[in-house]
Amino acid sequence: MNLIELKGIQFGYDTQQVAILDDLHLSVNHGECHCISGATGCGKSSLLHLIAGELSRPLDGEMIRHPALMVGLVMQDPNVQLLRQSVGAEIAFALENLGTPSAQMLEKVQQSLRRVGLYISIDTPVEMLSLGQKYRLMLAAQLVFEPNLLLLDEPWTQLDNHGVQELYFVLKNLLSDGVAIVMVEHKPQAFGKLVSHLWQLDRGKLLAGLYLPSVPHGHKLNIADTIEIGTAAEERVRIAPHRFQFARRDILFRCANTLTISGGEMVALVGDNGSGKSSLLKALAGIQADIGQLPLSVLGKRPKLGIYGANVCLLLQRPSRQLFEQTVLSEMQFSLRRFQLPLARAERMLTELGLTHLAAASPHKLSYGQQHIIALASLACLKPKVLLLDDPFAGLDSVHCEKVWQLLLQLRHQGSAILLTSHREVPLDDVDRVWHIEAGFLQDKSQSMVLVDAS
Amino acid sequence: MRVKPRRGFVAGKWHRLGGVVSETHACALALLLSILLSSAAFLLPSSVLWVLVTINAGLIAHGLLLKKKIAVLLRLAAVQFVTTMGLYSLFHGESQLLEGAIVVLRVLLAMLPGWWLSSTQRPERLGEVLSWGLPHQWAFVIAASLSLLPFMSRELQEIYQIQCMRGARITPKALRNPKNWPEFIYCVLFPLLIQLLKLSKQMAISAKLRHFGDAAKATHWPSTRDHK
């Protein structure tokens with residue numbers, strides 16, 4: 001049964017700009033799994049919202065919806081979709097709106113939870129769930145009203161490998177039940193054989209195949225790469241053995257050995273969602289509350305907000321939050337001005353990144369990837385001694401990822417000590433060392449790998 | 001992974017009283033009490049404000065017992081105290097400082113019941129109570145706004161910290177100088193407003209896609225299921 005058919009769809013947000021969907025055709029039937037890839041900002045999410053019937057702007061073309069079509073949509077970040085505080089109430093929200101009698105809700109809610117493999121109490125506060133669990137909760141909140149078309153926006157990006165694996169089996173069961181799935185995804189390989197139709201969105205049109213950007217993977221570290229300043233041996237970050245835990249909470253992880261980062265070193269901190277990576281980064285920046293006194297040292301001092309000036313920089317997730325100036329150039333010059341550093345560094349940085357055309361643009365009108373790069377570049381031009389980055393590649397396509405790597409390699413070359421977090425494995429070729437938070441322990445995995453190799 | 005549910009809401013305690021008062025009725029009483037206390041903060045004469053202070057101390061103790069955080073509210077009150085006392089001192093001299101302090105106290109006493117209500121009551125239950133007298137859509141918006149308060153305080157703190165690290169002149173010391181106040185607005189409040197607008201738009205989409213407003217009369221997630 002054909003659920004929805006798009007014929008010659010033309011759609012744009014601004015009449016003065018090129019339409020982001022241009023003469024687009026798509027037909028989705030029961031039990032099919034369509035995967036759409038494409039560059040960041042090319043209109044993939046807009047297409048999902050259009051299929052969901054939620055875009056209010058006018059569009060050209062024809063959209064034929066089956067009368068029985070029921071659409072469920074899970075957006076990229078499940079946090080922004082949460083409307084209630086407990087698991088049961090969150091899932092029951094749609095039932096309330098459909099006028100389902102209260103007496104029937106409990107069974108339907110529990111059934112949906114089981115369907116997505118979440119075996120938790122319906123009274124569990126939503127804030128206690130990991131990101132992967134929240135994603136499945138949002139899926140359950142859609143499945144409870146039995147949609148026959150499910151739309152997923154970049155599930156791989158937000159979930160760790162464990163979360164992706166769990167989602168894989170949930171989707172497999174849904175497809176076998178006849179539910180159709182349309183997902184927007186940079187990494188369709190993660191969902192392997194489930195995908196029946198692979199598309200790439202290119203200049204507003206859907207073409208068969210996977211989007212492969214023509215950007216070479218050229219960021220491998222050259223260990224022999226000389227560091228500009230003679231600071232390679234200077235220890236910048238020291239983490240002595242400790243137990244990392246919030247006040248009145250269970251231990252998040254233990255650190256049994258002393259870990260250090262020196263100038264000109266790039267270290268990746270890898271761990272699953274909710275393992276404590278972001279909290280450790282904030283603790284190193286001196287802004288994490290409720291963790292007491294930990295044996296951490298950055299530039300020889302106990303971390304505290306406001307004592308490092310331009311020497312320690314931190315990029316948190318959703319870096320677009322820090323943008324507030326009228327133009328990209330003034331945004332990048334803000335910190336340079338405050339720390340009395342040469343303003344010309346901002347223009348030089350834009351030139352190096354090939355982004356001079358954005359200098360006069362408003363940072364609020366940029367795409368997600370561009371905002372990400374500008375936020376990072378505004379820190380990079382301070383040439384900090386220590387740079388802490390929380391999941392700097394989240395949600396970026398390979399073009400923007402490559403730009404981030406380019407920036408990081410440049411900073412490493414200039415002698416910065418860099419610690420970046422990731423919920424996915426980072427190849428040892430790309431960084432100097434990899435730390436892992438695994439099974440409740442923080443350890444330098446690269447050291448143990450070297451030991452294994454030696455033995 | 002199994003998650004151990006946290007018991008913290010007042011509802012369970014009401015049930016233990018013998019099931020006489022349901023969670024929804026408890027929420028209605030809490031809402032009524034909050035409105036009365038907040039109104040009283042402005043209506044009562046200064047001589048009997050101590051009664052309100054005592055009752056609000058009880059609310060704080062209850063909230064803290066349930067491990068709810070009050071630091072942001074107290075910080076806000078401290079900023080308001082410093083600002084108000086500064087302005088009173090500037091315009092009325094030292095003789096009127098006590099009046100200034102009472103004004104700050106009244107504002108704090110008006111805010112505390114709201115903090116207690118949003119900390120101890122579930123938004124869906126508040127929504128149900130509000131829908132007794134308001135259209136369902138209005139009740140949802142009010143309940144959702146209340147549940148946004150913790151998000152707002154977290155975002156405010158993170159954006160403030162990010163901008164401090166970027167060198168913005170918004171540290172407590174820098175903010176003693178009124179010249180730096182606009183920087184706090186541009187660097188912190190403006191991005192916070194943008195985040196809130198984005199979030200409210202996404203929440204609206206999320207609600208709409210889950211059929212919000214479709215039924216003529218919405219039903220409610222039962223509060224008495226634990227008994228059953």
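The values are calculated or read from the model by the stated rules, or taken from the named source; none is laboratory data. Predicted, not measured: the structure shown is a model, and the values here were computed from it. Cβ: placed from backbone, ideal geometry, glycine included. Neighbour counts: every protein chain shown. When the accessible area is computed, the model is the full protein with side chains, heavy atoms only, and any ligands, DNA or RNA have been set aside. Shrake-Rupley method; radii C 1.70, N 1.55, O 1.52, S 1.80 Å.
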Inset, instruction - Using R₀ = 35 Å, calculate the FRET efficiency as 1/(1 + (r/R₀)^6) where r is the Cβ-Cβ separation of B:T171 and A:F441; round to 0.05. - result: 0.45
Inset, instruction - Please give the calculated 222 nm ellipticity per residue for chain A, where each DSSP H segment of at least 4 residues contributes -39500 (n - 2.57) and the sum is spread over every residue; nearest 500 deg cm²/dmol? - result: -9000 deg cm²/dmol
Inset, instruction - Could you run the numbers on buried accessible area between A and B, total for both chains, 1.4 angstrom probe, in Å² to the nearest 100? - result: 5600 Å²
Legend entry - Local electrostatic count, B:V107, Cβ distance below 15 Å [Lys/Arg +1, Asp/Glu -1]: +1
Inset, instruction - In nm, give the distance between the simple-model label positions of A:R248 and B:L193, each being 7 Å from the Cα along the Cα-to-Cβ direction. - result: 3.6 nm
Inset, instruction - Using the Cα centre as the reference, give the magnitude of the dipole from point charges on the C-beta atoms of the protein assembly as shown (Lys, Arg: +1; Asp, Glu: -1; all else neutral), rounded to the nearest 20 debye. - result: 2020 debye
Legend entry - Contour minus Cα-Cα distance for A:N257 and A:N173 (0.36 nm per residue): 25.9 nm
Legend entry - Partner lysines for A:K385 [C-alpha distance under 21 Å; skip if fewer than 8 residues away on the same chain]: A:K277, A:K282, A:K301, A:K304, A:K403
Legend entry - Accessible surface of chain B, 1.4 Å probe, proportion on carbon and sulfur as whole %: 69 percent
Legend entry - Mean ellipticity per residue at 222 nm, deg cm²/dmol - from DSSP H runs of n ≥ 4 across chain B, formula -39500 (n - 2.57): -22500 deg cm²/dmol
Legend entry - Positions from the stretch A:328-352 whose accessible area shrinks by 40 Å² or more when the full protein complex is built, not the chain alone, probe 1.4 Å: A:F334, A:R338
Legend entry - Value of relative contact order over the stretch B:134-227, rounded to a whole percent, pairs C-alpha under 8 Å and six or more apart: 28 percent
Legend entry - Efficiency of FRET from Cβ geometry, B:T54 and B:L149, R₀ 25 Å, rounded to 0.05: 0.50
Legend entry - Angle between chain A longest axis and helix A:328-338 axis [Cα atoms, degrees, rounded to 10]: 30 degrees
Inset, instruction - At 7 Å along the Cα-to-beta-carbon direction for both A:E107 and A:Q165, put a label point, then send me their distance in nm to one decimal. - result: 3.5 nm
Inset, instruction - With a Förster radius of 25 Å, plug the Cβ-Cβ distance of A:A360 and A:Y13 into 1/(1 + (r/R0)^6) and report the FRET value to the nearest 0.05. - result: 0.75
Legend entry - Global form of the stretch B:134-227, assessed from the alpha-carbon gyration tensor, a/c cut-off 1.5: prolate
Inset, instruction - Could you work out, residue by residue across B:166-173, how many beta carbons of other chains sit within 10 Å of that residue's beta carbon, and then give the average as an integer? - result: 4
Inset, instruction - Distance from a point 7 Å along Cα→Cβ of B:A204 to each backbone N in the stretch B:128-169: keep the residues under 15 Å and list them by number. - result: B:137-138, B:140-142, B:144-145
Legend entry - In the stretch A:278-307, trypsin sites (Lys or Arg not before Pro) in a DSSP loop with at most 16 other beta-carbon atoms within 10 Å: A:K304
Legend entry - Net charge of Cβ neighbours under 12 Å - reference B:L126; Lys, Arg +1; Asp, Glu -1: 0
Inset, instruction - Place a +1 charge on the Cβ of each Lys and Arg in the stretch A:404-446 and a -1 charge on the Cβ of each Asp and Glu, then give the dipole magnitude about the Cα centre in debye, rounded to the nearest 20. - result: 120 debye
Legend entry - Two-decimal ratio, the stretch B:60-143, of alpha-carbon radius of gyration to 2.2 N^0.38 Å: 1.47
Legend entry - Within-14-Å neighbourhood charge of B:A71 [Cβ basis; K, R +1; D, E -1]: +4
Legend entry - Shielding by other protein chains, A:118-130, mean Cβ within 10 Å: 4
Inset, instruction - Using a 10 Å cut-off on Cβ atoms, rank the peptides B:116-123, A:136-143, B:192-199, B:203-210 from the highest mean neighbour count down. - result: A:136-143, B:116-123, B:203-210, B:192-199
Inset, instruction - Enumerate the amide H contacts of A:L3 below 5 Å, restricted to partners 5 or more residues apart or on another chain; note that Pro and chain-start residues carry no placed amide H. - result: A:V28, A:N29, A:H30
Inset, instruction - Describe numerically, in nm with one decimal, the distance between label points set 7 Å from Cα along Cα→Cβ at A:V399 and at A:E54. - result: 2.5 nm
Inset, instruction - Would you mind telling me the share, in percent, of accessible area of the stretch A:225-368 contributed by carbon and sulfur at probe 1.4 angstrom? - result: 47 percent
Legend entry - Cα convex hull of the stretch A:81-171, projected area averaged across orientations, nm²: 5.7 nm²
Legend entry - Distance-filtered residues of the stretch A:35-72 - backbone nitrogen under 18 Å, label point 7 angstrom along A:D23 Cα→Cβ: A:60-63
Inset, instruction - Would you mind getting the accessible area per residue of the protein assembly as shown, heavy atoms of the protein chains only, 1.4 Å probe, in Å²? - result: 46 Å²
Inset, instruction - Mind telling me which of B:A144, B:A101, B:A216 comes out most flexible in a GNM of chain B, alpha-carbon contacts under 10 Å? - result: B:A216
Legend entry - Cα centroid of the stretch B:107-126 to Cα centroid of the stretch A:113-133, whole Å: 26 Å
